[in-house]
Every structure is written in structure tokens, then in C-alpha cells.
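To keep things clear, I will list the structure first and then write my remarks on it.
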Amino acid sequence: MGVTSTVIDYFFSFIFLISFYFKARNMFNFSYEIRSYNVVPPSMAKLSAAAVVTLEFLLAIFYAFHVLHVYKEGITIGLFLFFTIVTYRKKREKGEESCNCFGKVRFLNKNPIVRNISFIVLSIIQLWLSNPQRDTSQSIYLLLAFSICIVIFDIWDNLNKLKKLRPVI
């Protein structure tokens with residue numbers, strides 16, 4: 001069970017790091033997206049965006065370093081439950097189920113309600129599993145590797161877009 005718990009922790013660390021990176025990279029679009037959900041007043045959209053990005057970064061760290069067990073899962077469940085409710089409400093009111101939560105990682109942006117429910121179930125499973133302690137250096141290397149992978153993916157995607165824009169001679 002310890003291996004499963006570690007894999008789930010690393011998975012959520014990666015998920016929250018991806019989400020943090022792409023939202024932080026374009027805070028303007030993220031605050032605009034928050035406005036489209038009509039959950040907070042427009043004047044609070046930027047503050048809400050900053051709060052969500054900060055929380056996602058902290059959750060990535062908490063999962064990577066295996067700290068605050070039960071609390072981080074509770075926050076994760078609450079966060080995904082909230083996102084699921086507001087996404088469902090937006091779909092019902094506007095007919096839109098769009099989500100750019102994970103930036104360029106398109107497969108994670110599809111079916112946000114199903115994805116969020118899956119993440120909630122995974123978090124509940126994580127609550128029941130034993131959680132062995134991990135070495136701090138292992139967590140630092142993991143975060144570094146995740147960060148490098150995300151940035152390389154982003155650079156690769158940008159280069160592909162530039163390649164498509166370049167005129168063919």
C-alpha cells in the first residue's frame with residue numbers, strides 16, 4: 001500500500017504543479033475565466049486567481065513532500081468538489097463545459113466534471129492508504145524533475161506553434 005500511496009502523492013503533485021504553472025503563466029486569462037463562472041464579483045477575480053494559484057502550488061509541495069496528510073486530501077477534495085459544482089452550474093446555465101485548468105495539456109482539460117470526480121475518488125482512496133515517510137531529497141528531485149518536464153513541454157509546444165506560423169518557401 002505504501003507504493004500506491006506514494007504514486008498517488010506524486011500524481012497529485014504533478015497535477016497541481018501543471019495547473020499552477022499554466023495558470024500562473026497567464027494570470028489574466030485565468031482571472032477572466034474565473035469571471036465567466038460568476039462565483040465571485042468581477043473586482044475579486046484577480047485576487048481569487050492569485051489565491052487558487054497559490055493554493056495549487058502549496059498542494060503540489062505538500063503532496064511532493066508528503067506533509068499534512070488528511071489535510072491536503074481534505075483540501076483537494078473540497079477544491080475539486082467546488083470546481084465540479086461551478087463547472088456543472090456553468091454548463092447548465094450557459095451550455096459550456098469548457099476548462100483551461102491545465103493550459104496546453106489538452107487531455108486534462110476534456111470532461112472536467114468526470115476528471116474532477118475521478119480526482120475526488122483518488123483523494124478518498126489516498127485517505128485510506130498508509131502513508132510511509134519519504135526522504136526530503138527525493139521530494140526535491142521529484143519536484144525538480146516535474147518542473148523541468150513541464151517547462152520542456154511548454155517550450156516544445158511553443159516551438160511547434162512558431163514552426164506552423166513560419167512561412168513556407
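Just grab the label-to-label distance for residue 144 and residue 38, each label 7 Å out from Cα along the Cβ direction, in nm (one decimal).
Going from the residue 144 label point to the residue 38 one covers 4.9 nm.
Computing the accessible area with a 1.4 Å probe over protein heavy atoms, can you report the carbon and sulfur percentage for the chain?
Reported share for carbon and sulfur atoms: 70 percent.
Show which aspartates and glutamates lie in cross-link reach of residue 46 when reach means a straight Cα distance below 16 angstrom and same-chain residues fewer than eight apart are skipped.
33, 56
Using a Gaussian network model on the chain with a 10 Å cutoff between Cα atoms, which of 142, 68, 59 fluctuates the most?
It is 68.
Taking 23 Å as the cut-off for C-alpha to C-alpha distance, list the pairs among 90/161; 23/110; 23/90; 23/72 that go past it.
90/161
Between 113, 32, 151, whose Cα lies farthest towards the positive end of the dipole of the chain when Lys and Arg beta carbons carry +1 and Asp and Glu beta carbons carry -1, centred on the Cα centre?
Farthest towards the positive end: 32.
How many Å² of accessible area per residue for the chain, probe 1.4 Å?
Solvent-accessible surface per residue comes out at 59 Å².
Taking the Cα centre of region 1-123 as the origin, how large is its charge dipole in debye, to the nearest 20, when only Lys and Arg (+1) and Asp and Glu (-1) carry charge on their Cβ atoms?
The dipole magnitude comes to about 420 debye.
Over the residues of the chain, compute the C-alpha Rg and express it relative to 2.2 N^0.38 Å.
1.11
Give me the extension gain from residue 54 to residue 111: residue separation times 0.36 nm, minus the current Cα-Cα distance, reported in nm with one decimal.
Between residue 54 and residue 111, full extension yields 18.1 nm more.
The values are calculated or read from the model by the stated rules, or taken from the named source; none is laboratory data. No experiment lies behind these values; they were computed from the predicted model shown. Cβ atoms come from the backbone with ideal geometry, glycine included; neighbour counts cover every protein chain shown. Remember, those area values only see protein heavy atoms, side chains included, never the ligands or the DNA or RNA. Shrake-Rupley method; radii C 1.70, N 1.55, O 1.52, S 1.80 Å.
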